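Taking it in order: structure first as structure tokens, then the write-up.
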Amino acid sequence: MSQQYSYDRGPIYADMARAVIGSAVTLGPVLFLDPLPVLFWIFLACGALFVAFGAKTLLKFVTGVSVDASGVHVSGPIARSVAWDDLQSVKLRYYATRRKSDKGWMQLNLKDSRQKVVVDSGLAGFEPIARIAAKQVLDKELTIDIPTQENFNALGIRMDDARL
């Protein structure tokens, strides 16, 4: 049986608003004013970052993730799949938004011989996918690094028997 997941819409809408406002504030002067050349390039570079952020946010909006007995499948403009039978690498990373803060997000990287699937903790269903990946690591006796083991443990998924 396949489980379907998508990214939470609330944070996506907030990120999209940030991207639109940031793009308008930085690209507006480039388009409608005649800034000094150095300011032109600074505003243009910042505007490009906001546009890229908006594109990545839009990609999350249209992306779906499904998990079944055969593997993890990402649907959308950039479709990818990782088969459990061919799973070679699992990494779970935590990225803090501030130093010494418990606010941040996790990113799960699954890789087989052909493709790589990356999902972050903004995905509704991130924890069940992480639990299935942890079970695959233990069943296949895959080697994981210490940060991955610690991050699984932080999610309440015991990985003490995993190969390091």
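For the range 1-53, a tally of residues being of a type in the set (Gly, Ala, Ser) and not in a helix (DSSP H, G or I) returns 2.
The residue pairs whose first member lies in the range 40-57 and is within 13 Å of residue 13 (Cα to Cα) and charged (D, E, K, R), whose second member is in a helix (DSSP H, G or I) and at pLDDT below 95, and whose beta carbons are closer than 9 Å, counting only pairs six or more residues apart or on different chains, do not exist in this structure. Scanning the range 54-67 for residues that are outside any helix (DSSP H, G or I) and touching a helix residue (DSSP H, G or I) at 6+ places or on another chain (Cβ under 9 Å), we see that the one that is nearest to residue 130 (Cα to Cα) is 67. Number of residues in the range 27-73 that are more than 30 Å from residue 119 (Cβ to Cβ), surrounded by 12 or more Cβ atoms within 10 Å (Cβ to Cβ) and of a type in the set (Val, Ile, Thr) equals 2. When 24, 17 are checked against the criterion of being within 30 Å of residue 80 (Cβ to Cβ) and at pLDDT 95 or above, 17 stands alone in meeting it. The set of residues from the range 75-98 being within 29 Å of residue 21 (Cβ to Cβ) and either more than 12 Å from the chain's Cα centre (by Cα) or loosely packed, with under 15 Cβ neighbours inside 10 Å (or both) comprises 76, 77, 78, 95, 96, 97, 98. Here the condition is being in contact with a strand residue (DSSP E or B) (Cβ under 7 Å, 6 or more places away or on another chain) and without any contact (Cβ under 8 Å) to a residue 24 or more places away in the chain; of 124, 79, 96, 83, it holds for 96 alone.
The values are calculated or read from the model by the stated rules, or taken from the named source; none is laboratory data. Only a predicted model underlies this, so the values are computations on that prediction, with no experimental measurement involved. Don't worry about glycine lacking a Cβ; one is built from the backbone with ideal geometry, like all the others, and counts go over all protein chains shown.
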